[in-house]
Every structure is written in C-alpha cells, then in structure tokens.
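Derivation of every value follows stated rules applied to the coordinates shown; laboratory data play no part. These figures come from a predicted structure and were not determined experimentally. Methodologically, a virtual Cβ is constructed for each residue, glycine included, from the backbone with ideal geometry; neighbour enumeration extends over all protein chains shown.
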C-alpha cells in the first residue's frame with residue numbers, strides 16, 4: 001500500500017508513518033516545518049522530506065491513501081490536488097479505524113488521565129509479553145514508537161483524544177474509533193477555541209459513549225458526576241461498569257496501594273493516578289490479565305513521559321515535570337505532590353501556554369488550583385498571547401483568577417529562570433507544569449543545577 005502524509009512532522013503523524021513503514025507500506029510525506037524529535041526519527045528511517053514545503057507534484061494517481069494532519073490547512077496545495085484526483089483522504093483517526101476495524105478496539109477517553117491510563121495498560125501488557133497494537137500520546141519506557149499496527153494482533157488500545165480530526169473533518173477524534181471496550185476517566189472543560197461552551201464540550205463525551213458498539217462495555221469513573229450522569233443516562237445497549245479510587249496510604253514518601261494480598265509499594269503517586277490505576281485494572285482484566293498479574297506489573301510502572309516525570313532527586317530535594325495545563329490537571333497534580341511530600345516546601349510553577357489558559361474569560365477556571373502549593377508561581381508570555389491573536393491578559397487578571405494573595409507572576413523568561421536558579425532547594429519539592437518550556441527553559445540544565453546544588 002502506498003500512503004502519503006500531508007503534515008508528516010506532527011507528533012502523532014510521524015509515529016503513524018513510522019508504524020506503517022514498519023508494517024511494509026510505501027510511505028512518503030510533506031510538511032512546511034518539522035521539529036525534533038520528529039525530524040531525527042523520520043530522517044533515521046529515510047522518511048524526512050528532502051525539502052520543506054508543499055509539493056502538489058508528489059500527489060499522483062498511484063497513491064492508495066492520503067493521511068491528512070491537523071497542521072495542514074483546508075487550502076493546502078497537496079490536499080487540493082488529492083481532491084482533484086479523487087484520491088482516498090483519511091484523517092488520522094479514520095486511518096487508525098480502517099487499520100483496526102477487524103480488531104477488538106479498546107478506547108481510553110476523558111479530559112484528563114487518558115495518556116496515563118493507556119500507558120499503564122500497555123506497560124502491563126508489555127510486562128506479561130502480551131502483544132497488542134496501540135496508539136498512545138507519550139513516549140513510553142520499553143516502547144520504540146507511539147503507534148504499532150499489525151495484521152495479527154487481536155487487540156488495539158487507542159488513546160481517545162477529543163480534539164478535531166483534520167482541517168476538513170471537524171469531528172472529535174474519539175468519535176471515529178467505534179470502541180468495543182471503552183473507558184471514560186473524567187470531564188473538565190478544555191479546548192475552548194473549538195468547544196466554546198461547557199455544554200458543547202460535554203456533549204462530545206455523550207456522543208463517544210453512544211458510539212460504543214452494541215454489546216460492548218464502558219468502564220467509567222463514578223467519582224466524576226458528569227461522567228456518571230452521561231454514562232448512566234446513555235440509551236446505548238452496552239455494559240456499564242463503574243470504578244473508583246482504591247484505598248492507599250502514603251508513608252515516608254512512599255505510596256502503598258491496598259490489595260487483597262496486602263499493601264503494595266508503587267512508583268506512581270497522587271489520588272488522580274490511583275484513580276487512573278483502578279480504571280487501567282478493569283481494562284486489563286477485560287483483555288485477559290488477572291488481578292494478581294496486574295498488581296505485579298503495575299508496581300514497576302514509573303509513569304508516562306511528562307506526566308509527573310521525576311527529572312531530578314537528591315537526598316534533600318526532588319523535581320518533577322508535568323504536562324498539566326488545564327485547571328483540573330493542575331489541581332490534581334499539585335495536590336498529589338503535596339500529599340506525597342507533606343513535610344517539604346512545594347514550589348509549583350505553572351505556565352499558561354494553551355489557547356484556553358491564555359483566554360481572559362477562561363482564567364477564572366483556575367481558581368484554587370494551586371492552593372495546595374506552599375509557593376505558587378505563574379509564568380506566561382505576552383508574546384504568546386499576541387501570536388494566538390487573543391485579547392491581552394494582564395497581571396491583575398491572573399492574580400484575581402487564582403485568588404491567591406502571594407501568587408508570584410513572571411512574564412519574562414530570563415526573570416523566571418533567575419528565580420529558579422536562585423532558589424535553595426533544601427527540603428523542597430519543585431513542580432513544573434506546562435505544555436511548553438517557559439519561554440526557552442533548558443530542563444537538562446536545570447536538572448544538572450539541582451543535582452549539583454547538593455553535591
């Protein structure tokens with residue numbers, strides 16, 4: 001099969017391209033810019049475009065399929081050529097469904113936790129040498145790529161993103177997978193540039209539940225009232241199986257999970273992660289892993305990349321990096337670190353980086369989200385607000401939104417870096433939450449600094 005990717009450089013797109021090449025397909029692609037690590041990974045497999053840009057001459061009748069990425073625009077020259085030729089054009093999720101329509105599709109949905117839950121499931125499967133197809137939104141330890149597709153595996157595990165499918169298909173990705181087995185972890189308003197009201201956003205999850213194939217099943221977090229309402233009100237003829245946070249305790253900085261065989265030390269921590277673990281256990285049991293085998297495997301799970309990822313630890317200090325940016329994720333992550341390190345000063349640094357977080361109207365959703373931190377710092381770039389063509393966000397608006405009198409606010413990357421590097425981190429826990437990099441912060445440099453500080 002001969003497949004061409006329009007916007008091959010995206011995180012998801014380049015992983016699908018690599019997976020198809022590994023499967024034996026002929027793969028080509030274009031993009032107007034490609035960043036690391038996509039660039040090096042494509043180059044290593046001979047898939048990096050010789051020149052950046054869009055080249056309609058690459059679109060020929062011998063192509064079996066076009067995969068269209070979100071980075072492309074609706075008037076992309078290659079897309080227009082493909083439409084003129086009548087070629088089959090797939091969005092990313094459409095193509096994944098096409099590749100998995102004869103498999104048992106396991107789809108993990110939710111505003112938060114879906115990457116971690118998907119990662120937990122894949123870790124357990126890998127630990128027990130169970131080969132499955134998958135698509136996950138983070139790089140996992142022990143996995144070379146974030147997408148795997150075969151002809152033989154019975155199961156495929158898909159992270160069900162609610163963002164749009166392509167520039168010409170405005171449906172959320174997870175509406176297209178038609179799960180046999182599904183999970184819904186939680187709902188918290190996000191992507192306000194696409195879903196301008198809370199009600200409109202919630203509706204997408206209702207559509208997801210109703211898209212589960214008749215006779216299928218959904219595991220749902222009954223501690224989230226919106227999730228509970230949507231699932232239990234759905235007329236879909238599916239099995240509905242609730243889960244909740246299991247019993248656990250924290251002792252001397254170690255989280256112990258209550259199991260039928262006694263307390264189990266685990267690497268991950270925080271109530272939200274224990275809730276994620278409960279959901280992952282259900283799904284693994286659907287996939288043939290018994291409870292004892294699940295606990296054995298999950299005790300070695302260290303987390304998904306950028307999800308409470310420990311970047312430095314000494315005898316007296318610890319530092320974490322987390323992708324958290326939406327209000328619910330910020331609150332859950334900050335609470336988790338304070339619970340785990342109750343005897344340390346927690347410094348929580350949040351970068352407002354996404355379209356939603358830089359929207360003046362949305363800022364009020366952050367009220368109280370940093371309350372668990374002993375020291376709360378917010379960084380945002382006025383330049384990023386300009387680039388996104390949003391209304392100016394002021395220092396005062398941010399201070400009012402978080403409702404915290406001692407909130408520290410930075411808008412200059414150099415000032416924020418100086419703040420971090422001037423800290424004495426003895427008996428402290430540093431938490432860096434962002435989907436960006438604080439205007440150019442070198443995390444490796446910071447890690448070396450933290451380790452050197454105590455040496």
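As a rough guide to protection, the peptides 245-254, 348-357, 304-313 ranked by mean Cβ packing within 10 Å, highest first, stand as 348-357, 304-313, 245-254.
For the chain, adding -39500 (n - 2.57) for each run of n ≥ 4 DSSP H residues and dividing by the number of residues yields -9500 deg cm²/dmol at 222 nm.
Rounded to the nearest 0.05, what FRET efficiency do residue 33 and residue 239 have when you use their Cβ-Cβ distance and R0 = 35 Å? Efficiency for this residue pair is about 0.15.
Determine the gain in length on full extension of the stretch residue 314-residue 64; use 0.36 nm per residue of separation and subtract their C-alpha separation, reporting nm with one decimal. Spell out each step's value before the answer.
Details: separation 250, 0.36 × 250 = 90.00 nm, distance 5.40 nm.
Full extension of this stretch gives 84.6 nm more.
Let me test this: with uniform point scatterers at the alpha carbons of the range 2-87, what is the Debye-based log₁₀ I(q)/I(0) at q = 0.11, 0.14, 0.22 1/Å? So the normalised log intensities work out to -0.25, -0.41, -1.03. Computed over the range 95-298, relative contact order equals 21 percent, with contacts defined as Cα pairs under 8 Å that lie 6+ residues apart.
Pairs of Cα atoms nearer than 8 Å and 6+ residues apart set the relative contact order; for the range 136-177 it is 26 percent.
For the range 309-454, the relative contact order works out to 36 percent when only alpha carbon pairs closer than 8 Å and six or more residues apart are counted.
At 0.36 nm per residue, and after removing the present C-alpha to C-alpha distance, how many nm does the segment from residue 302 to residue 153 gain when stretched out fully? Don't skip to the answer; put the middle values down first.
Working: separation 149, 0.36 × 149 = 53.64 nm, distance 2.59 nm.
Full-extension gain reported as 51.1 nm.
Can you give me the Cα centroid spacing of the range 86-143 and the range 5-27 in angstrom? First find each Cα centre; the distance between them is then 15 Å. Using the Cβ-Cβ distance between residue 251 and residue 426 with R0 set to 22 Å, the FRET efficiency from 1/(1 + (r/R0)^6) comes to roughly 0.45. State the Cα centre-to-centre distance between the range 178-210 and the range 391-412 in whole Å. The range 178-210 and the range 391-412 have Cα centres separated by 29 Å. When peptides 41-54, 184-197 are sorted by average Cβ neighbour count within 10 Å, with the highest value leading, the order is 184-197, 41-54. What spacing in nm lies between the two simple spin-label points modelled at residue 199 and residue 88, each 7 Å away from Cα in the Cβ direction? Taking the simple label geometry, residue 199 and residue 88 are separated by 4.0 nm.
With a Förster radius of 25 Å, plug the Cβ-Cβ distance of residue 26 and residue 168 into 1/(1 + (r/R0)^6) and report the FRET value to the nearest 0.05.
Working: r = 24 Å, r/R0 = 0.96.
It comes to 0.55.
In this simple spin-label model, placing a label point 7 Å from the Cα along the Cα-to-Cβ direction at both residue 271 and residue 2 gives a separation of 5.7 nm.
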